[in-house]
Amino acid sequence: MKILNTMTGKKEEFVPIKEGKISMYVCGPTVYNFFHIGNARPFVIFDTMRRYLKYLGYEVTYVQNFTDVDDKIIAKANEEGVEAGQISEKYIREYFKDAKALNIMPADIHPRVSENMPEIISFIDSLIKQGHAYESDGDVYFDVSSFKDYGKLSKQSKEELISGARVKVNEEKRNPLDFALWKKMKPGEPYWDSPWGGGRPGWHIECSAMSRKYLGETIDIHGGGQDLIFPHHENEIAQSESLSKKPFVHYWMHNGYINVDNVKMSKSLGNFFTVRDISEKFDLEAVRLFIVSAHYKSPINFSEDSIKQAANALERLYNVKNNLKYAADNSSAEPSDKEEDFIKGMDKFKNEFEEAMNDDLNTANALSALFELARYINIYLSGNAISAHCAKTSYDRYMMLADILGLLYKDEETSLDDKINEMIEKRQKARREKDFRLADEIRDELREMGIELKDTREGVKWRKL
């Protein structure tokens, strides 16, 4: 497998540190709100990477953190008049709901900043003792001048970074690029005791400390969105390599941005969508297909039309799955020599799929191979009786590739129930908003699907006609 390493800008043959084992760290959400479609892209992409590496036979240790100590969480808590911990706890729960709907597997370890404070404080203390950090009136800063390779990930010199960054003038810092490792406590904010007084860690040190604790001083793969290259990942490198005197990461992977209707997503423009917002209108499995339909490095454009197209494409894939499953359970046809040739013919698509995934996780081409396999199966099914054995073998091979992309994870009955309940919820929302025309249209559509609704005191009930 080859990976386009952000550090070198080149595709490199992937060679793990330990044969057969892979350590992987992916930056997780800051838990002050539902995660948005831009966050969803790295979560889906690196979940797919992990699935493929496991398919190849590697033992993968996958760590994705929760940033549960942060200015945004504190601001949200103050706004709602609750403790910061209540906000983070709520949105960690909500993360898992949306992640499950996107078929994102839980990480092997989901460390929280609040639960790793001794390691963070120890890390900072060691940096101070080695001359890479300094205390200033209760705050602690990393001394960028002490790390000669600063800027090597973002490919910029210190001078370029200073001129290009929005660096606030701060008399407590020795250098404009020096960044906070520890922030002294402020009234009304959560804090932890430390050798420099009460306070809390800066953002960048958190990931360095947690990565070191759970994966060691040097890890195989570190992933995240390209917006994290600078300053977050640049600062992680400076801290970690200053402390260990070893390479921090062997392979850096960064996904491209998601635009919304061809415009960069932004709260100020009003084109900012959380995954929870999107789930009110679309099945999130279609969102996952949309994300893997492009190479992870490329920018992609989110729009209603793109998700509708993804939903239609997903339906075609499900039709093949359901047809094979039905034949495997119900066929009385006898196996034939023709079926052996048909099964062997599936190898071509499996090889194309693996070739695409081995080429820097090219999920776009891998998905194309899956669709070609679906077409190949459909052509055979339309002209031949298929035995239960052949249907089962074909089903297993088809689903093996779909599972790597995290697709087709619902069975037919569950998928139908989810769709019906989703349509009922849309109808209820339309009625609350007095859009009775839409409510009637949804009821008629359900009737065409063979579903009858009944409004009761306990809520809306449905049954198959």
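The values are calculated or read from the model by the stated rules, or taken from the named source; none is laboratory data. Predicted model, so just to flag it, every value in this text is computed and none were measured. Cβ coordinates were reconstructed from backbone atoms using ideal geometry, including for glycine residues, and neighbour counts include every protein chain displayed. Quick note on the areas: whole protein, heavy atoms, side chains included, nothing else; ligands and nucleic acids left out. Shrake-Rupley method; radii C 1.70, N 1.55, O 1.52, S 1.80 Å.
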So Gly199 fits all but one of (1) farther than 30 Å from Lys21 by Cβ; (2) touching an Asp or Glu at 6+ places or on another chain (Cβ under 7 Å); (3) touching a residue at least 60 places away in the same chain (Cβ under 8 Å); (4) open to solvent by less than 50 Å² (accessible area, probe 1.4 Å); what number is the exception?
(2)
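For Ser122, state whether it is part of a helix (DSSP H, G or I), at pLDDT 95 or above, open to solvent by 20 Å² or more (accessible area, probe 1.4 Å) and out of contact with any helix residue (DSSP H, G or I) (no Cβ under 7 Å at 6 or more places or on another chain). Write out each step before concluding.
Values: part of a helix (DSSP H, G or I): yes; at pLDDT 95 or above: yes; open to solvent by 20 Å² or more (accessible area, probe 1.4 Å): yes; out of contact with any helix residue (DSSP H, G or I) (no Cβ under 7 Å at 6 or more places or on another chain): yes.
In short, yes.
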For the stretch 216-225, how many residues meet the condition of being touching a residue at least 40 places away in the same chain (Cβ under 8 Å) and open to solvent by 30 Å² or more (accessible area, probe 1.4 Å)?
1
Could we say that Ser211 is of a type in the set (S, T, N, Q), within 23 Å of Glu115 (Cβ to Cβ) and buried (at least 19 other Cβ atoms within 10 Å of the Cβ) here?
yes
Any hit, the stretch 53-67, residues being touching an Asp or Glu at 6+ places or on another chain (Cβ under 9 Å), in a helix (DSSP H, G or I), touching a residue at least 60 places away in the same chain (Cβ under 8 Å) and under 30 Å from Ile3 (Cα atoms)
yes
Residue list for the stretch 183-193, filter: outside any loop (DSSP other than H, G, I, E, B) and free of Cβ contacts under 8 Å to residues at least 60 places away in the same chain
Lys183, Lys184
So Trp196 clears everything in (1) in a loop (DSSP other than H, G, I, E, B); (2) at pLDDT 95 or above; (3) under 30 Å from the mean Cα position of the chain (by Cα); (4) not basic (Lys, Arg) except one condition, right? Which one?
(3)
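Residue-wise test of (1) buried (at least 20 other Cβ atoms within 10 Å of the Cβ); (2) farther than 28 Å from Asn362 by Cβ; (3) modelled with pLDDT under 95; (4) in contact with a Pro (Cβ under 8 Å, 6 or more places away or on another chain).
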| site | (1), (2), (3), (4) |
| --- | --- |
| Tyr52 | yes, no, no, no |
| Leu56 | no, no, no, no |
| Val63 | yes, no, no, yes |
| Glu89 | no, yes, no, no |
| Ile104 | yes, no, no, no |
| Pro111 | yes, yes, no, no |
Answer from Glu236, Glu285 - the residue that is touching a His at 6+ places or on another chain (Cβ under 8 Å), in a helix (DSSP H, G or I), of a type in the set (D, E, K, R) and surrounded by 17 or more Cβ atoms within 10 Å (Cβ to Cβ)
Glu236
Filter the stretch 348-384 for residues that are open to solvent by less than 10 Å² (accessible area, probe 1.4 Å) and not hydrophobic (A, V, I, L, M, F, W, C); the one that is nearest to Leu405 (Cα to Cα) is Thr363
Here the residues within the stretch 1-29 that are surrounded by 17 or more Cβ atoms within 10 Å (Cβ to Cβ) and of a type in the set (Val, Ile, Thr) are Ile3, Thr6, Ile22, Val26
Please name all residue pairs, on different chains or six or more residues apart, with Cβ atoms under 8 Å, provided the first residue is in the stretch 154-178 and is at pLDDT 85 or above and among the polar types (S, T, N, Q) and the second residue is assigned to a helix (DSSP H, G or I) and open to solvent by 40 Å² or more (accessible area, probe 1.4 Å).
Ser154/Phe230; Gln156/Gly164; Gln156/Phe230; Asn175/Ser145
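Can Gln309 be described as part of a helix (DSSP H, G or I) and open to solvent by less than 20 Å² (accessible area, probe 1.4 Å)? Walk me through it before giving the result.
Details: part of a helix (DSSP H, G or I): yes; open to solvent by less than 20 Å² (accessible area, probe 1.4 Å): no.
No: the conditions fail for Gln309.
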Among the listed residues Ile87, Ile104, Ile124, Ile74, which satisfies the condition of being under 15 Å from the mean Cα position of the chain (by Cα) and of a type in the set (Val, Ile, Thr)?
Ile104
How many residues are surrounded by fewer than 23 Cβ atoms within 10 Å (Cβ to Cβ) and under 14 Å from the mean Cα position of the chain (by Cα) when one looks only at the stretch 30-42?
7
